[in-house]
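Here the structure comes first, spelled out in structure tokens, and everything after it is commentary.
None of the figures in this text is laboratory data; all of them are computed from the coordinates on show. Worth saying up front: this structure is predicted, and the values here are computed from it rather than measured. Cβ: placed from backbone, ideal geometry, glycine included. Neighbour counts: every protein chain shown.
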Amino acid sequence: MNINRYTICNSPIEEKVFENRKIYIKRDDLLHPNFSGNKARKFYYYLLQDFLNIKKIVSYGSNQSNAMYSLSVLAKLKGWEFEYYIDHLPNYLRNNPVGNYKYAIENNMRLIIGQPKPKREDIENEETAFVEEGGRQELSRVGIKMLAHEITLWQKAKGIKRLNIFLPSGTGTTALFLQKSLLEMDGRFQSIVYTVPCVGDSTYLNLQFEMLEPNPLKYPTIIKPKKKYHFGKLYEESYNIWLKLRDKLGIEFDMLYDPIGWITMMENPQIFSEPILYIHQGGAIGNESMLARYQRKYSENI
Ligand SMILES: *Cc1c(COP(=O)(O)O)cnc(C)c1O
């Protein structure tokens, strides 16, 4: 696997037109076929050193998470064991493995089912690394700073003084660390990070930000979608915009976060007052399970 600190960087930025609007897209989905998107950025820290004492990495979260899959790749690359705590494993998934779950199992992930959520202080030691759900931890900042750096270099080369950046949030870690890092860069070039909560509402997202940063002046700007979306639920307009993006732009976006991201961005023409950069945060492997659900529900669109 050609995954290291030199290969997980410098993703291209493409210029596209969607519904008559010019949009730049940062293709973090192209970092590497097995290690990409914001999870590759968040776990970049672990590529910087060998961590010779570490034998195991432990995390927790949902049974189809992109972070889970990326950690299984990292563990395999490093020769570490990977233990992952989940609340429960539905029988249909156990019997018909698909998507992130399937590939993480193939990478020898060891599941711990139905135990209380592990705590860093109980797990972490010289031989064991611990990663919060979705990589919501300070160490994730290292790789997201690289992302900010790449954006700023591009912005300067293009002579874009003010840039609007848009990306959908789960834990909000990527959006927050991106905004924080950009605030620390060359002040002659400004970038505002806009984000939409996809898991929970704005109050939830603000609480997530607070866990990582006390100063609200450093937070990204939250934009709510017009309609309330429940995470993981299927919506016809989500499927439609996903298909349209795939067909018109030739880009496969993630099906959980990106449809809400694009719908919300297009609903807010004021963000287009400056050049806009959308961050593609990866997640294509997770689409396998989502696409099967969508096709069963709206099969006439296949
Ligand atoms: C994990 C993930 C997100 C959410 O990232 P956060 O940093 O938790 O906000 C968004 N999009 C994709 C494709 C992801 O895999």
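Odds and ends about this structure:
- Net charge, Gly99 excluded, C-beta distance under 13 Å - Lys, Arg +1, Asp, Glu -1: -1
- Exposure proxy ranking, count of Cβ atoms within 10 Å, fewest first, for Thr221, Thr173, Thr203: Thr203, Thr221, Thr173
- Most positive-pole-ward Cα, Thr264, Ile279, Leu249, against dipole of the stretch 238-287 from beta carbon charges: Leu249
- Each label was represented as a point 7 Å from its Cα along the Cα-to-Cβ direction; for Glu252 and Asp87 these points are 2.9 nm apart.
- Here is the tail figure for the chain: Cα pairs spaced more than 31 Å apart come to 27 percent of all pairs.
- Cross-link reach list, lysines versus Lys297, counting only Cα pairs under 24 Å and skipping chain neighbours closer than eight places: Lys102, Lys226, Lys227, Lys228, Lys233, Lys244, Lys248
- Most positive-pole-ward Cα, Phe35, Tyr46, Asn63, against dipole of the stretch 1-154 from beta carbon charges: Phe35
- C-alpha center-to-center spacing [the stretch 105-127, the stretch 247-302] in angstrom: 31 Å
- Over the chain: helical MRE at 222 nm, DSSP H runs n ≥ 4 each giving -39500 (n - 2.57), nearest 500: -10500 deg cm²/dmol
- Compared with the alpha-carbon gap, the fully stretched path from Leu207 to Thr7 is longer by 68.6 nm at 0.36 nm per residue.
- Shape of the stretch 220-302, Cα gyration tensor, a/c cut at 1.5: prolate
- Sorting Ser140, Ser191, Ser289 from the fewest to the most surrounding beta carbons within 10 angstrom yields Ser289, Ser191, Ser140.
- Zone of Asn53's modelled label, taken as backbone nitrogen in the stretch 97-127 under 13 Å from a point 7 Å along Cα→Cβ: 124-127
- Inter-part distance where the stretch 35-95 and the stretch 153-197 are each reduced to a Cα centre, Å: 27 Å
- Long-range HN-HN contacts of Ser169 with modeled amide H, under 5 Å: Val196, Cys198
- Of all DSSP bridge pairs formed entirely within the chain, close to 20 percent run antiparallel.
- Residue-count net charge about Lys156 - beta-carbon cut-off 10 Å; Lys, Arg +1, Asp, Glu -1: +2
- For the stretch 111-128, the Karplus equation 6.51 cos²θ - 1.76 cosθ + 1.60, evaluated at θ = phi - 60°, returns couplings of 8, 10, 10, x, 8, x, 4, x, 10, 3, 5, 8, 9, 5, 7, 4, 9, 10 Hz by residue, with Gly and Pro reported as x.
- Residue (of Asn164, Ile8, Pro220) at the positive-pole extreme of the chain, dipole from beta-carbon charges: Asn164
- Kirkwood-Stokes translational diffusion coefficient of the stretch 74-224, alpha-carbon pairs, 4 °C, 1.567 mPa s, µm²/s: 73 µm²/s
- The residues packed around Ser62, meaning those with a beta-carbon under 9 Å from its beta-carbon, carry a net charge of -2 if Lys and Arg are +1 and Asp and Glu are -1.
- Likely footprinting exposure, Leu182, Leu277, Leu48, Leu139, fewest C-beta neighbours within 10 Å first: Leu48, Leu139, Leu277, Leu182
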